[in-house]
Amino acid sequence: MGTYVPKSSRGNTRAARNGKGKGSDVISDVEDDEDNEDVDFEETGSDGSDEDSADETDIGDFIVEEEGLEDLMDEIHEKSFEDCLDGSSKMDKNYKNGKVYVEQEYGSIKLEPWLIFTDREAFLDVLKDYCIQEGFGLSVEKADSRRYTAVCAIEGCDWRIHASKMVDKMSWAIKSLTGEHKQCGRLEVNPIVTTKWLVKKLLPEIEANLDVPVETFQNVTQKLFRIQVNKRLFYKVKAVAKEIIHGSFSESYALLPRYAERIKETNPGSYALITWHNDGGNVDPRFKACFFSFGAQVMGFLKGCRSIIGIDGAHLSGYFKGILLSALGIDGNNEIFLLAYGVVDTESQESWTYFMRNLRALFQREGCNKDDWTFISDRMRGVDLAVHENFPKATRRCCSQHLYMNCKNGGWSGELFHKLFWIAANAYNPYVYNKAMEKITDFDPRATQYLDTCTEQWSRHQFEPEVCCDHNTTNFVESFNAVTKPYRDLPVLRLFKAIREWSMQRIGVRFDKAADMEPQDLTEHAKVELELRTAESRFCYSTPCGGGEYEVEGHVKFPVKIDSRTCGCGVWQVSGIPCKHGLSVIYNQRLDPLDFVSHFFKGAAYKLAYAEHMHPMPDPTQWPEFNLPTINPPRIKRTAGRPPKQRKRGAMEAKKRKRHTSVKCSKCKEMGHNARTCKSGTGSSKAPPKQRVLTRKRKTGDDGASTSKAAPKGKKSKQA
């Protein structure tokens with residue numbers, strides 16, 4: 001039986017790979033005989049044992065590797081425009097007579113006759129760069145859609161350029177370039193430098209840092225381009241560059257309906273609402289308000305965060321006015337957890353009612369009909385009515401810092417009032433609170449009357465134990481306002497993008513962190529608090545009274561009930577973490593303190609808070625078309641002039657980056673003086689005056705004592 005064997009050249013290849021065959025007895029050396037018709041066939045063994053050897057042979061034996069093929073592929077370059085000029089077109093001859101312009105760096109641009117450009121705009125851009133590079137202006141003689149002729153702006157200079165459109169009605173070429181700049185000096189203030197040209201050159205630097213001062217841009221243009229530009233022009237350059245980078249303000253409002261739909265599609269369970277109103281007629285609707293909450297935010301808050309919500313508003317400083325409203329919670333690690341946010345036209349009862357109504361609808365959609373939430377905020381206009389209208393059983397807390405500032409504006413200030421107010425605000429039990437209020441009454445009864453008019457909770461002893469949160473300020477909400485501050489002067493769509501990216505990254509990091517936690521593990525905040533209170537509990541002594549009750553003595557005796565997890569000091573039930581008195585009993589009874597920490601501070605709740613993560617969204621250029629109206633921006637615009645960046649501080653409020661007038665002593669922890677002038681120390685109550693260093697030799701008395709120091713006033717110096 002005959003079996004196919006490749007030619008001699010391939011037979012040698014197979015012979016080199018004979019080790020790969022499976023028991024084949026085929027002869028691999030074949031003679032090259034032209035007269036033999038069966039030169040490609042050979043006889044196998046007569047025993048027939050190798051009849052199927054051809055089928056068993058690896059197919060790789062017949063494949064010849066082409067070495068160097070990958071290197072050959074790397075050497076193949078894309079053809080340039082000049083390589084395609086093979087004479088097949090009538091325009092090839094015109095192009096071959098010239099030279100296609102290749103982009104050159106600023107500072108090395110050179111022009112020559114028959115330099116070909118893709119279109120008129122490309123020619124004008126290169127010509128402007130060349131003129132600024134060489135330092136001369138232009139005086140245009142002719143400029144239309146077919147030709148362009150210009151000369152040097154300095155009289156007496158014979159430099160001239162002429163360019164026109166080519167036969168293809170698209171490309172442009174320099175037809176003539178004559179003369180030299182022999183008698184005209186360099187123009188430092190070039191009139192052809194425009195805002196558009198500066199934006200094109202400085203856009204990468206502006207995009208890297210939008211807060212670069214205009215003085216820096218002046219130095220950059222002086223060093224790189226050797227030109228002088230008026231500082232006022234750079235403000236316009238930055239404004240145009242911001243619009244290129246972040247889009248226009250009007251366009252961002254028009255994209256909001258599509259943005260809301262993309263949120264719902266990419267993040268299931270999210271709540272996104274855009275509200276607009278019609279001005280009448282056939283005009284496009286106008287923006288009124290919006291509300292956003294991602295699915296990971298609302299589900300994480302309801303499952304793993306405490307039932308306290310901080311709300312606040314921050315003003316937008318862009319072209320159109322508005323207020324950014326936000327609602328935040330606190331997770332088990334005592335970190336802020338963004339729940340919802342939105343933009344309204346003004347801060348009023350109507351806008352807060354809109355925000356609270358959507359917040360309630362958000363909770364109800366997730367199956368939560370709870371009404372007894374705890375809201376903390378400053379005493380803003382319309383907040384209290386809006387909260388109780390949508391959450392009738394809600395508890396209201398007032399920020400103690402804002403309440404204290406109101407007291408200062410009312411005329412109650414000073415070291416004593418400051419100390420007494422914060423003792424009352426941070427009091428965990430009624431006894432300490434009442435003592436502080438009695439002293440405030442002695443200070444000024446009107447201050448006590450004003451504080452009694454505050455219907456919201458502002459002292460810690462008033463807080464509900466179920467909340468397990470002792471925050472009496474809105475500092476955690478102000479932290480979110482500080483995050484959004486760099487973006488509040490940008491278009492609203494860019495602002496929402498920054499908030500979404502910040503929240504997405506924050507939840508993503510904690511999503512991975514929660515995956516490694518055990519259900520009974522404590523969060524970092526709870527561990528630190530427990531360690532500090534454990535160290536303080538070493539100085540407490542407990543006396544058992546029976547029935548799970550103890551009397552613990554530190555500086556003051558307090559009753560502790562271990563079964564109900566309460567202490568007379570109030571710290572345990574308000575904060576959710578055992579106080580030093582409770583820990584003294586727990587360690588004395590050889591119990592595990594982790595069993596007495598609230599479940600909000602354990603890994604199980606932390607895992608629920610970050611069980612979901614936010615999903616990414618594509619760029620607006622990839623959004624599909626929706627059958628939605630185009631929204632116009634609101635009518636309220638900011639006033640003329642540069643918008644303010646800093647918050648207006650009150651008359652009694654400390655200025656930014658200035659030392660506060662109420663200095664705190666590092667020795668006695670009192671306000672109003674520093675450690676150097678502390679009266680409780682061993683030194684005098686006032687710092688000793690600095691002695692002037694005398695350059696001449698001091699005189700000494702008979703006893704060797706110095707007589708250079710003057711005697712105190714009112715006393716005669718004693719003579720030796």
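No lab work stands behind these numbers, since they all come straight from the coordinates. Computed from a prediction, not measured in an experiment: that's the story for all the values here. FYI the Cβ positions are ideal-geometry reconstructions off the backbone, even for glycines, and counts take in every protein chain you see.
Asp378 falls short on exactly one of the conditions (1) over 30 Å from the mean Cα position of the chain (by Cα); (2) of a type in the set (D, E, K, R); (3) crowded, with 16+ Cβ neighbours inside 10 Å, and that condition is (1). When the criteria are applied in full, Glu456 fails the requirement of being within 22 Å of Asn334 (Cα to Cα), out of contact with any helix residue (DSSP H, G or I) (no Cβ under 7 Å at 6 or more places or on another chain) and of a type outside the set (A, V, I, L, M). For first residues located in region 108-127 and farther than 18 Å from Lys142 by Cα, partners that are of a type in the set (D, E, K, R) and assigned to a helix (DSSP H, G or I) and lie 6+ apart or on another chain with Cβ distances below 7 Å form the pairs Ile109/Asp129. Just one residue in the set Phe496, Phe511, Phe480 is in contact with a Ser or Thr (Cβ under 8 Å, 6 or more places away or on another chain), part of a helix (DSSP H, G or I) and aromatic (Phe, Trp, Tyr); that residue is Phe480. At least 3 residues being under 37 Å from the mean Cα position of the chain (by Cα) is the threshold, and among the helices (runs of 4 or more DSSP H) wholly inside region 545-614 those reaching it are 571-575, 603-609.
Examine region 468-476 for a residue that is in contact with a strand residue (DSSP E or B) (Cβ under 7 Å, 6 or more places away or on another chain) and under 23 Å from Ala296 (Cβ atoms), and state whether such a residue exists. Checking region 468-476: at least one residue is in contact with a strand residue (DSSP E or B) (Cβ under 7 Å, 6 or more places away or on another chain) and under 23 Å from Ala296 (Cβ atoms). Scanning region 322-356 for residues that are in contact with a helix residue (DSSP H, G or I) (Cβ under 7 Å, 6 or more places away or on another chain), assigned to a helix (DSSP H, G or I) and within 13 Å of Phe292 (Cα to Cα) yields a count of 1.
Of the set (1) in a helix (DSSP H, G or I); (2) of a type in the set (D, E, K, R); (3) in contact (Cβ under 8 Å) with a residue 24 or more places away in the chain, all apply to Lys527 but (3). Filtering region 450-486 to residues that are within 20 Å of Phe496 (Cβ to Cβ), hydroxyl-bearing (Ser, Thr, Tyr) and surrounded by fewer than 17 Cβ atoms within 10 Å (Cβ to Cβ) leaves only Ser479. Considering only residues in region 510-565 that are of a type in the set (Phe, Trp, Tyr) and buried (at least 16 other Cβ atoms within 10 Å of the Cβ), the one that is nearest to Val432 (Cα to Cα) turns out to be Phe558.
Mind listing just one residue for me: the one in region 282-294 that is in contact with a strand residue (DSSP E or B) (Cβ under 8 Å, 6 or more places away or on another chain) and surrounded by fewer than 21 Cβ atoms within 10 Å (Cβ to Cβ) and, of those, farthest from Ala272 (Cα to Cα)? Among residues in region 282-294 that are in contact with a strand residue (DSSP E or B) (Cβ under 8 Å, 6 or more places away or on another chain) and surrounded by fewer than 21 Cβ atoms within 10 Å (Cβ to Cβ), the one farthest from Ala272 (Cα to Cα) is Val283.
Scan region 563-587 for residues that are among the β-branched types (Val, Ile, Thr) and over 22 Å from Ile330 (Cβ atoms) and the total you get is 3.
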